[in-house]
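The values are calculated or read from the model by the stated rules, or taken from the named source; none is laboratory data. Bear in mind that the values here come from a model prediction, so they are computed numbers and not experimental data. Neighbour counts are summed over all protein chains in view; Cβ atoms, including those assigned to glycine, are modelled from backbone coordinates with ideal geometry. We work out accessible area using only protein heavy atoms, side chains counted, and drop any ligands, DNA or RNA first. Shrake-Rupley method; radii C 1.70, N 1.55, O 1.52, S 1.80 Å.
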Amino acid sequence: MNRRPFVAGNWKMHNDLVAARALMAGLRAELGGALNVDVAVCTPFTLLYPMGREIDGTSIKLGAQNCHFESKGAFTGEVSPPMLVAAGCDYVIVGHSERRHVFGESGDMLRKKVVAAQAVGLHVIYCIGEQLDDREAGNTERVVESQLQEALSADLNTDLLTLAYEPVWAIGTGKTASPDQAQSVHAFVRAKLGGVFGQETAQRLRIQYGGSVKPGNAKALFECPDVDGGLVGGACLVADDFVAIISAAQDSV
Ligand code: PEP
């Protein structure tokens, strides 16, 4: 099945307003025409509204990097899914490894976030991935399977769901999974998605690869049959690099 690739940039905690506007100007200049891939920029909360204005009239979409699972209330420092919609978001990343491992987010919490985000029409990019010791102990499949089980169930809206396989040892380290390593986990994840949602839906769902995707390695990764684009951290902060990665996704179609 031909799945439309999806490339999302995760800005993490980078860019002030001036730098963000310059980056978006670079993207606008180079991504003017029609794209055969979906593209999103996931900015810090404070940049969502101004970046929504910057992407106006382009095919680039806006995403957040996290959300709370309640819609409002006494949750100091948190931002809710309806607030993200109001700020112009179409997407939200849930379960990024930094949320799991730095901020201690549990599977139960992530499941609530997925449900709450979809309830207001946000498309969820749900991240999974093993740590280095998991991989070295041969536990990669067990870990990603449990991360899938924690958050996913047949009642979710699969039109509002993308998976991102991000081996933790490859995020921000410059170490990328080889195309064979990525393909093997993506095929495993797709088989497990088939168990939850049925085979037809699993074939339709996109699974991004994330972990030190760069212009020089994107083509080989995106050409893998079960890799449907990427979730890009460091390289999305440089317009030319992000555009080159998007071009690699376009060429993989
Ligand atoms: C990420 O932030 O999801 C990521 C994959 O980062 P990087 O591309 O820098 O490894």
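Could you tell me what percent of the accessible area of the chain is made up of carbon and sulfur, with a 1.4 Å probe and every protein chain present?
51 percent
Could you work out the local net charge near residue 123, counting Lys and Arg as +1, Asp and Glu as -1, over the other residues with Cβ closer than 10 Å to its Cβ?
Summing Lys/Arg as +1 and Asp/Glu as -1 gives -2.
Quick one: which of 32-40, 13-21, 176-184, 217-225 comes out on top by average Cβ neighbours within 10 Å, and what's the full order, highest first?
217-225, 176-184, 32-40, 13-21
Of the beta bridges DSSP finds with both residues in the chain, what % are antiparallel, to the nearest 5?
Around 0 percent of the beta bridges assigned by DSSP in the chain are antiparallel ones.
Against the globular-protein guess of 2.2 N^0.38 Å, express the Cα radius of gyration of the stretch 139-253 as a ratio, rounded to two decimals.
1.05
Once each part is reduced to its C-alpha centroid, what is the distance from the stretch 221-244 to the stretch 144-158 in angstrom?
With the stretch 221-244 and the stretch 144-158 each reduced to a Cα centre, they are spaced 24 Å.
What pairs in 61/175; 112/175; 12/175; 72/112; 192/219 have C-alpha atoms more than 24 Å from each other?
61/175; 112/175; 192/219
Which net charge results for the neighbourhood of residue 109, defined as the other residues with beta-carbon distances under 10 angstrom from its beta-carbon, given Lys and Arg at +1 and Asp and Glu at -1?
Around residue 109, the charge tally is +2.
Distance from a point 7 Å along Cα→Cβ of residue 154 to each backbone N in the stretch 162-197: keep the residues under 16 Å and list them by number.
192-197
Quick check for me: using +1 on Lys/Arg Cβ and -1 on Asp/Glu Cβ, what's the dipole size of the stretch 6-251 about its Cα centre, in debye to the nearest 20?
Rounded to the nearest 20 debye, it is 340 debye.
Can you compute the FRET efficiency between residue 76 and residue 49 using 1/(1 + (r/R0)^6), with r the Cβ-Cβ distance and R0 = 22 Å? Round to the nearest 0.05.
0.60
Please report the relative contact order for the chain, taking Cα pairs under 8 Å with a sequence separation of at least 6, and give it as a percent rounded to a whole number.
The value is 22 percent.
Compute the accessible area per residue over the stretch 6-251, keeping the other protein chains in place, probe 1.4 Å, unit Å².
Accessible surface, normalised per residue, equals 42 Å².
Multiply the residue gap between residue 85 and residue 196 by 0.36 nm, knock off their C-alpha separation, and tell me the result in nm, one decimal place.
Result for the pair: 37.2 nm of gain on full extension.
Hey, can you grab everything whose amide H is under 5 Å from the amide H of residue 6? Only 5+ residues off in sequence or another chain; H modelled, so Pro and N-termini drop out.
It is 38, 229, 230, by chain and number.
Using per-residue counts of other Cβ atoms within 10 Å, averaged over each peptide, order 69-78, 206-215, 165-174 from highest down.
Descending mean neighbour count gives 206-215, 165-174, 69-78.
For the chain, with the dipole built from +1 on Lys and Arg beta-carbon atoms and -1 on Asp and Glu ones, taken about the Cα centre, which of 198, 85, 138 lies farthest toward the positive end?
Of the candidates, 85 comes out farthest on the positive side.
Among 188, 67, 172, which residue has its Cα positioned farthest towards the positive end of the charge dipole of the chain, with +1 placed on the Cβ of Lys and Arg, -1 on the Cβ of Asp and Glu, and the dipole taken about the Cα centre?
Value computed over the given set: 67.
Once a ≥ b ≥ c are taken as the square roots of the eigenvalues of the Cα gyration tensor of the stretch 2-79, is the result rounded (a/c under 1.5), prolate (a/b larger than b/c) or oblate (a/b not larger than b/c)?
Judged from the Cα gyration tensor, the stretch 2-79 comes out oblate (a/c at least 1.5, b/c at or above a/b).
Based on the Cα gyration tensor of the stretch 1-141, what are the three equivalent ellipsoid semi-axes, each the root of five times an eigenvalue, rounded to whole Å and given largest first?
Equivalent ellipsoid of the stretch 1-141: 26, 20, 15 Å, largest first.
Please name which of 13, 76, 213 has its Cα lying farthest along the dipole of the stretch 6-251 towards the positive end, using unit charges on Cβ (Lys, Arg +1; Asp, Glu -1) and the Cα centre as origin.
Result: 76.
Extending each Cα 7 Å along its Cβ direction at residue 103 and residue 4, get the distance between those two points in nm, one decimal.
Label at residue 103, label at residue 4, 2.9 nm between them.
Net charge near residue 174: determine it from the other residues with C-beta under 15 Å of the C-beta of residue 174, scoring Lys and Arg +1 and Asp and Glu -1.
In short, 0.
Can you list, bin by bin at 5 Å, the percent of alpha carbon pairs in the chain, starting at 0?
Bin by bin from 0 Å, the calculated values are 1, 6, 15, 19, 21, 18, 12, 6, 2, 0.
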